[in-house]
Amino acid sequence: MYIAVGNFKPSYTMIKHVTAALQKFADFKGRATRPEFWYFFLFNLIVTWGVYFILAMVMGEIAASMVQMIVSLALLIPYLAVAVRRMHDLGKSGWFILIPIYNLILFATEGEKGDNEYGPDPLETDTQFDFEKDSAAK
């Protein structure tokens, strides 16, 4: 439930895409949209560096670095999975994430329209996230 102020409604876009990426944390099959990839990338940066800066002030840099490394390792598999699914959205093999600079260009490129060999177009499927199903049932 949210409170609408005038015509403004809060956007849960980042939450939706990060939740979707984390729900499919080890799923290297299928396709991921640009927003799903980039919002997860941003989430990854915010969490890892946020943990570091907060803990560096409280516990010192060495302990903060160790915790940051643990958090980074915990988010590594979900990041690789969403990156591979992003390449699949372009009709490319997941191995293209290993090519420097070119992979950044591919991550920013619009995905193939319609179905491809990796699955249906994620923009054309009517996907509801778990928290949307819960609120629709009420």
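Of LEU75, LEU80, LEU106, all but one fail to be more than 18 Å from ASN44 (Cα to Cα) and either part of a helix (DSSP H, G or I) or in contact with a Phe, Trp or Tyr (Cβ under 9 Å, 6 or more places away or on another chain) (or both); the exception is LEU106. Count, please, the residues in the range 49-70 that happen to be at pLDDT below 95 and either closer than 18 Å to LEU22 by Cα or acidic (Asp, Glu) (or both). So the count comes out to 1.
Quick check on ARG85: is it in contact (Cβ under 8 Å) with a residue 24 or more places away in the chain and assigned to a loop (DSSP other than H, G, I, E, B)? It is false that ARG85 is in contact (Cβ under 8 Å) with a residue 24 or more places away in the chain and assigned to a loop (DSSP other than H, G, I, E, B).
The values are calculated or read from the model by the stated rules, or taken from the named source; none is laboratory data. This one's a predicted model, so the numbers in the text were calculated from it and none came from an experiment. Because the Cβ atoms are built from the backbone with ideal geometry, glycine has one as well, and the counts that use them run over all protein chains shown.
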